[in-house]
Amino acid sequence: MQCYMCGAEVGNSKVCFNCGADILLYKQIIYTSYVFYNQGLEKAKVKDISGAIEALKSSLQYYKYNTTARNLLGLCYYQVGETVRAINEWVLSKNLQEDNNPDADRYLAEIENNPGLLSKANSTIKKYNQAIEYCKAGSRDLAMIQLKKVISQNPNLIKANQLLALLYIQEKKYADARKILSAISKIDSNNTTSIRYIHEVKERLKAENTGRRKRKNDVVTFADGNDTVIMSEHSFRSMLDNSKASFMNILMGLVVGLLICFFLVVPTVKENVTGGNTQTVLALDEELSSARSENKSLQNEIDSLKEDLSAYDNKQDIPTSYENLIAAQNLYAAGDAKAASDSIQLVSKDVLGEAGKKAYDSLYEELAPTIIEGYYNDGNTFYTEENYDSAIANFQTVVDIDESYQDGAALFLLGDSYRLTGDTEAALECFEKVVELYPKNKWGKQAAVYIAADDTELSAADVGE
């Protein structure tokens, strides 16, 4: 055995006679390191990734040259979506033990063979950090949008899933939170943060079902013409319930009136007509006309109540839409056009007043390039990841807004996505449009190649027949 300090042969001696190093202590340190490594390995086998990471960190604190533990630590980080940390551990392992380190070589080779992995990891980190900033600023809607994008790119990123679940809990969307937490529990079964959130969701769902917790009245504000109406949510809902109750009462009155007409008035009229009592017939006919008039009045009142109920239902979206519009204006004024474009897409224009619609149109016109760019970039990301259905949805949105975007790039990529999903007819329609608009640029030339290739296949099929 060699001394860990000077490299001299020490045999079974407890002390190095060359430098005086304590060899026995060194052996004990290495032994302790491998004890923690074995603990980490056992926990990783049962998907207790958090416990495995802590054990492997302890192993490396005792002996940093334990490359076996370091490689496994990188693999655990990769399992929970921490790609950058995983690569750091493998690179450090390779530097500490350049030879006879097959695990680090294999993992790094897989990273090199997937060049889009690093850019994808960098993108998810940026979006996750942006979501945290939105949370700090109180913009939960924007934070959830960013986190959903992160999870779509990296479903195993535990901390992003946990943050989204926490936002769902704050928004009282407990079923959505439970679904996310259940999914990440299959990846890391003993993560204390996830377990704590699961217990919280169970308690709140239990409280909702038993009715032990009373909801506080939230304040609802909405614009009614030039006035701003402010009332508690309880009062707002009570007003809707009262309107619905009035509607049901009137409907019941209408039904009773019709039944009286058919079972009492009409038989009496028939009897009097048969008996020749003309005076009674005229009186009853007048009474019947009066009943019809009353029924018509009731029907008009029902129609009016329906309109009122429809108006109130629409106004429930008013506060949220105005809040998102104001948030978009503030973000754009602060120079954050990307966040402003995310926020304005949450606005329902139809519920805004005239001034609100003008403000919306003006701001949307300013943000249109950023919005289109966002859809185009997302489409490119999905196209690179071979998620062609999502790519089609994003490129179609770009083309609907601006068919000539990026000199036909969006239109071509839309057609190519259709081609790769097997929808040849839709693909050719896009390619022909690209050739028509841009016959000489690279998109038009490539589209022409695909069109010619399809014509060749058709000709070959005709010959075969």
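The values are calculated or read from the model by the stated rules, or taken from the named source; none is laboratory data. Since this is a predicted model, take the numbers as computed values, not measurements. All Cβ positions, glycine included, derive from the backbone under ideal geometry; neighbour counts span all protein chains shown. Note: areas computed on protein heavy atoms with side chains; ligands, DNA, RNA excluded. Shrake-Rupley method; radii C 1.70, N 1.55, O 1.52, S 1.80 Å.
A few points about this structure:
- Per residue, the accessible area of the range 74-211 comes to 54 Å², computed with a 1.4 Å probe over protein heavy atoms only.
- Highest-first packing order for the peptide set 385-391, 321-327 is 321-327, 385-391, based on the mean count of other beta carbon atoms within 10 Å.
- Pairs of Lys residues in the range 341-465 that lie 8 or more places apart, or on two chains, and have C-alpha atoms under 17 angstrom apart add up to 4.
- Once both labels are positioned 7 Å from their Cα atoms along Cα-to-Cβ, the gap between Glu373 and Gln97 label points is 4.8 nm.
- Amide H contacts for Asp48 (H built 1.01 Å from N in the peptide plane; partners 5 or more residues away or on another chain; cut-off under 5 Å): Ser189.
- Applied to the range 360-372, the Karplus parametrisation 6.51 cos²θ - 1.76 cosθ + 1.60 on θ = phi - 60° returns per-residue 3J(HN,Hα) values of 5, 4, 5, 5, 5, 4, 5, 8, 3, x, 5, 4, 4 Hz, with x for Gly and Pro.
- Highest to lowest packing among 150-157, 199-206, scored as the average C-beta count within 10 Å: 150-157, 199-206
- Summed residue charge, Cβ within 12 Å of Ala391's Cβ, Lys/Arg positive, Asp/Glu negative: -4
- Förster radius 41 Å - calculated FRET efficiency between Glu366 and Asp303, Cβ distance, rounded to 0.05: 0.50
- Neighbourhood net charge (11 Å Cβ-Cβ; Lys/Arg +1, Asp/Glu -1) for Asp336: -1
- Given Lys126/Lys172; Lys136/Lys206; Lys127/Lys338, the pairs whose alpha carbons are separated by over 22 Å: Lys126/Lys172; Lys136/Lys206
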